[in-house]
1. For region 669-813, treating each Cα as an identical point scatterer without solvent, what Debye log10 I(q)/I(0) comes out at q = 0.11 1/Å?
2. Tell me which residues come under 5 Å, amide H to amide H, from residue 624 once H is placed; ignore anything under 5 positions away on its chain.
3. How much accessible area per residue does region 448-605 have, in Å², with a 1.4 Å probe?
4. Assuming 0.36 nm per residue, please report the length gained on full extension of the stretch residue 305 to residue 760 beyond their Cα-Cα distance.
5. If the label point is 7 Å along Cα→Cβ of residue 782, which residues in region 752-767 have backbone nitrogen under 20 Å from it?
6. Please give the Cα centre distance for region 196-253 versus region 175-192, rounded to the nearest Å.
7. Near the amide H of residue 196, under 5 Å away, which other amide H atoms are found, from residues 5 or more places off or on another chain, if H is placed in the peptide plane?
8. Using a 1.4 angstrom probe on the protein heavy atoms only, could you order 592, 543 from most to least accessible area?
Amino acid sequence: MALNEMFVGEIVTELLKQLNAISHKSCFCKSSADNLITSIQELLPIIEELKYSGVELPAFRQSQLNRFSETLRGGIELAGKVLESGRWNVYKNLQLVRKMEKLEKQVERFISGPMQAHLLADVHHMRFETMERFNRLEQRLDSMKTGSGRWVEEAVKRMEVEGDSNLGGFSGIGLELGKGKVKKMMIERDDLNVVGIWGIGGSGKTTLANEICRDNQVQSYFNNRILFLTVSQSPDLEQLRAKIWGFITGNEPLNYTRKSQCEWGSGPQALVVLDDVWSLPVLEQLIFRVPTYKTLVISRFKFPRRVVNEVYEVELLEEDESMSLFCHSAFGQKSIPPTANETLVKQIVDECKGLPLALKVIGASLQDQPEMYWINARKRLSRGELICESHENKLLDRMAISVECLKKKVKECFMDLGSFPEDKKIPLDVLVNMWVEIHNIDEEEAFTILLELSDKNLLTLVKDARAGEAYCSYHEICVTQHDVLRDLALHLSNQGEVNERKRLLMPRRDTELPRDWEKNADQPFNAQIVSVHTGEMGEMDWFHMEFPKTEVLILNFCSDKYFLPPFIDDMPKLRALIVINRGTTEATLENFSVFTNLANLRSLWLEKVSVPQLSNATVPLRNLRKLSMVLCKVSNSLDPAVLDLPQIFPHLSELVIDHCDDLVKLPLSFCKVNSLQSLSLSNCHRLRELPADLGMLKKLQILRLSACPELKMLPPSIGELVKLKYLDISECVNLKCLPKEVGKLVSLEKIDMRDCLQIVNLPTTAALSNLKSLQRVICDDEVFGQWRNLEKTVPNLHVQIAEKWYSLDWLNS
């Protein structure tokens, strides 16, 4: 391929056209598109100069340029996918952002790498007709320099081999050694019923435990009967004990005796892993003395041998392992690039003291930073004390360096993560809604920030089996965070006077509110976010507090009864309210009348509570946009005789009812909420009927009815949903048919009807021929051929046979 064809021909012209289209479209990838346009436009004059100079490059250099050409060709295809992706394609958009950022780095590295270091050298050794032309070229190449500390040649190699793999923790000799020692304790020592893994925070204890659980020999010895539980600082002991006993016995009631323990002692081998255990009294209540069952305890604390029979102490990484892990995070490879400052890199690695989490996070924070930034990081690290058992809190000061390089808004979002309980999955819906409301950003920017934090190893994204598909919902994706990183967020947030903190947070669950809150309650609290984490709270457990600036309130509790805090009345700016019960049964909410003053509330998340009866008098939430009820009892709240939803929620655009097993019939009043754009009724196992007037929802774009096994028919009025883009009826195993009116859904882009076992015949091809916007159908074998027949009249249609999947992992939080 000729040089002029590659750079100034159709490839670059088409790519720039696509990138400009993305830049003018409000989407997730606008920032990357703008940066790519700048880089490519800066490159064009130099290539033009080379072309007219008459230089013929060596074959090796030409092959490099050819590979770059293929990168740009891939960019055209990627840009097309970005332009086609709708804003509802949540996880797909998240993946596209990653790929666009990767393309941006590839182009930038190529320009700052071989284009600068090699092309100039090649041209310099060629014969030019005039020195004037060479001088112009050299000046333009010099203008492209992006600063010191660029890893020129190795950056190009990274561009070619960089994948999506992520090193989850430490690896190598240390891991294998530790795994071997713990396996020997569990498998070869019948006298050891309780074995421990001990180490400081961030030393790789949980990584080691996960590797042990994945080991084939361990799985075979325990007959694949392994239960992994995270205990944390504020555990629900009743729930944990019930899970362990049910696992050992096969879900027998928790009323064991010494006799019953002996009876169960003759069963198959089983292993229970208790991660993040913080206290001896808690541990003692979670150990059952059953002979064929063993316990593996992971903790930062050493427990007496009478409880934990033998302990493996996690060793910090050796020098070579530390360097390998750090380089993977900082450079995307396992060794120091030749163009990097080797001495500087070794000094920073040495300051991390072999701690895997510090190596991983600090390395990621230094990626692509100029050399002066590295020098400053080394100085700051060198001022800290050694990380050892007696100085574990110094880890927070070291980890803070990884946050300081973040943009202000990204840093604020990181610190917000401390608002949620430790070792619990955070539904993405909750997090995105909160960021949108308090940081003055849209959902696209929220996702960009989420990705940046993930790329820097400051949080972890967890998805269920279907996340990543078009139109997957937010609550199918969760966020988790290492407890040391959560401690860092708390450490950064809990500085300054308590009344002036931007975030007023309880670090762990307690029986009452913090004493320093009560001591300072005579003055208003200026926090933007307030997070409360308690057990049962009655009316007398609260004291008067004023929150004139609070925009987000998070109430985490663990009980079957909860009196909502009276101080909600003194939160005039409240925009997002999150109420999550971590108990075993739905909690009864009292003092629901506080909702009468929430005129500015825009987002409400209720989880595992009995929702009180809604009425015009008690809940005039006129600015509410999003309402989510997850694992709730809702039948009492949806009484058609008193419910006038358009009056209560006149601006509601998104409604989620998930795992609410007492919902039998959706009230007609829902169909009168003309503002509704997304309706999700998922895993409602008793839902039998939808309103006949469902078609009144003229603005509805998303309709999810997944896993509602008692639902037997869709109302014919569904054909009146003229703006509907996505219909999900997957796992509605008793749904008899698709009504022929589905053929009127002219805006429909995707149907997911996997595991609809009763549907064996579709409406006629003629009835479905108006589905001109339909692009994807996911179905079972029985109707696959019938949908394929439609491909002849719907040119962009792709029909896919569903893969089997089962996942409720996100509920184990």
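The values are calculated or read from the model by the stated rules, or taken from the named source; none is laboratory data. Everything numeric here is computed off the predicted structure, so don't read it as measured data. Cβ atoms come from the backbone with ideal geometry, glycine included; neighbour counts cover every protein chain shown. Side chains included, ligands, DNA and RNA excluded: accessible areas come from the protein's heavy atoms. Shrake-Rupley method; radii C 1.70, N 1.55, O 1.52, S 1.80 Å.
1. -0.39
2. Here the answer is 651, since their amide H atoms fall under 5 Å of that of residue 624.
3. That works out to 37 Å² for each residue.
4. Full extension from residue 305 to residue 760 adds 157.6 nm.
5. It comes to 752-765, nothing else.
6. 15 Å
7. Here 297, 310, 311, 312 satisfy the definition.
8. Working: 592 20, 543 45 Å².
Putting 592, 543 in descending order of accessible area: 543, 592.
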